Amino acid sequence: MMLNVTYINIAEDIREGNIKSYKKRNMETYMMFGQSYIRNVYQVIKKKYVYIILLILIFSSILSSVLYFNNLKQRIFKELENLPPIVFSADFHTGEHGTFEYYPSNGTMDKVLDFNLYYPSYDKERKHAVGFVFNKELKGIYEFGFENKSLTEIIKLQEISTLLKGLGVVVKDFEDFEDFEIINTFRMPKYNELGYTFIYNDQLYLLYKINEIWDIKLIFEDDGEKHTYFTNEQVDNIYIEEEKYQEGTTRDIILKVDIAKNSSDIIKDTRSNMMKDRDGILDISDDGKTMVYYEKKNIFIYDTETGKKKRITDHRSNWKHILDLKLSEDKKYIFYTVVEEGFGISDADRRYHFYIADTESKTRIYLRSFDYEDKFYGFDW
């Protein structure tokens, strides 16, 4: 509408010979369009600068985060150099098997035994580990010395069987056990001041010597399926992780048991995890003051004296599960395994991934992965 009026006025000015008025109107028209054009250009440039500044800020934030994480990662790996290696027993799909040391600071994995030391458990000095051996030649609880690579027999499996039968416990002949069955029946030997504890058929026993002769004592029994346990040196306080069927559901339970008072307290009681393994998802520090456990897809640190807990990290996935937790000697780091499910239900359909979590910054670091059909039989750190 404005343009039509302008053109009419211009035509009248020309007819009337008013060239001066025509030039003035013409100039006003150009100025009007020029100002509009400048405003549009300014808005475009302004938006571009906003986008550029925004991109610079985003890039700076990402770069800052990457640099922070890399520096934190390097610090963590440096501190891990001062800690003992993680010890584990495994059968690999390549045919290699045995007992291994794994150094999370640099990823080195060294074989220390040509056969499996099942459910290896460190002593307090991290110079020895005790575990079960189920070879044709060797059957029983054995101790491995890391400094001189020595293997020492603690007690033969046949002697353990005889002691159990003396308590009235039914024990099958070893020839009647399948390989997987014996591994799941005799489990989790651990050190203490009195001797050694272990699980047989989901009940907890103590092996000790009287006048250099082995004896045995039942420490704890109930109808739960034991995953793992921890005792103090005097074996009068016990933490037990077990699975129980209660009121129509399967529950994962952590119990604190006072042997002297014959009492127990429940620390955790949740619906059971779908995926299981042989050595539990629980660890306790040497002084018994710090516990790490898995609950509802989260890893928690629990203060056994105050009852306070702190969430460290999670791995929320329908096809990946945390199956192992080990607390470092200095209580700063948590080693854990994330296991990826295949299409079956056996160990061959699981793929293990190693991670480390920093308990202070809650940073988690991926370490390495293994292949399907690689089987693991216990970790300690």
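Read-outs: derived from the displayed coordinates by stated rules, not from any lab. Quick caveat, the model's predicted, so the values are computed rather than measured. All Cβ positions, glycine included, derive from the backbone under ideal geometry; neighbour counts span all protein chains shown.
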Tell me, what HN-Hα J-couplings in whole Hz come from the Karplus equation 6.51 cos²θ - 1.76 cosθ + 1.60 at θ = phi - 60° for each residue of the range 159-174, using x for Gly and Pro?
-> 5, 4, 4, 5, 5, 5, 5, x, 8, x, 7, 7, 10, 6, 5, 4
Contour minus Cα-Cα distance for L57 and S272 (0.36 nm per residue) = 72.9 nm
Taking the dipole about the Cα centre of the chain, with the C-beta of Lys and Arg at +1 and of Asp and Glu at -1, give me whichever of G224, S60, W319 is farthest to the positive side.
-> S60
Determine the gain in length on full extension of the stretch F92-N201; use 0.36 nm per residue of separation and subtract their C-alpha separation, reporting nm with one decimal.
-> 36.6 nm
Taking a point 7 angstrom from the Cα of Y208 along the C-beta vector, which residues in the range 161-198 have backbone N less than 14 Å away?
-> 192-198
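Just subtract the alpha-carbon distance of E137 and Y372 from 0.36 nm times their residue separation and send over the number in nm, one decimal.
Numbers: separation 235, 0.36 × 235 = 84.60 nm, distance 2.93 nm.
My answer for the length gained is 81.7 nm.
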Could you grab the relative contact order for the chain? Cα pairs under 8 Å, six or more apart, rounded to a whole percent.
-> 10 percent
Starting from the Cα gyration tensor of the chain, take the square roots of the eigenvalues, sort them a ≥ b ≥ c, and report rounded, prolate or oblate (rounded when a/c is under 1.5, otherwise prolate if a/b is larger than b/c, else oblate).
-> prolate
Per-residue ³J(HN,Hα) for the range 297-309, Karplus 6.51 cos²θ - 1.76 cosθ + 1.60, θ = phi - 60°, Hz, x for Gly and Pro | 6, 10, 9, 10, 9, 10, 8, 6, 8, 9, x, 7, 10
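For the residues H227, H93, what sequence is obtained by ranking on other C-beta atoms within 10 Å, fewest first?
Working: H227 23, H93 12.
Exposure proxy ranking, most exposed first: H93, H227.
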Roughly how many nanometres apart are two label points built 7 Å out from the Cα toward the Cβ at E159 and E329?
-> 2.9 nm
Amide H to amide H, which residues 5 or more places from I312 or on other chains are under 5 Å from it, using H placed in the peptide plane?
-> I299, F300, I301
Net charge dipole size for the chain [Lys, Arg +1 and Asp, Glu -1 on Cβ; Debye, nearest 20] = 3500 debye
For the range 249-255, take each phi angle, set θ = phi - 60°, evaluate the Karplus expression 6.51 cos²θ - 1.76 cosθ + 1.60, and give the result in whole Hz per residue in order, putting x for glycine and proline.
-> 10, 8, 10, 9, 10, 10, 10
In nm, to one decimal, how far is the K172 label point from the I45 one, both placed 7 Å along Cα→Cβ?
-> 8.6 nm
Based on the mean of other Cβ atoms within 10 Å per residue, sort peptides 257-263, 371-377 so the most packed one is first.
-> 371-377, 257-263
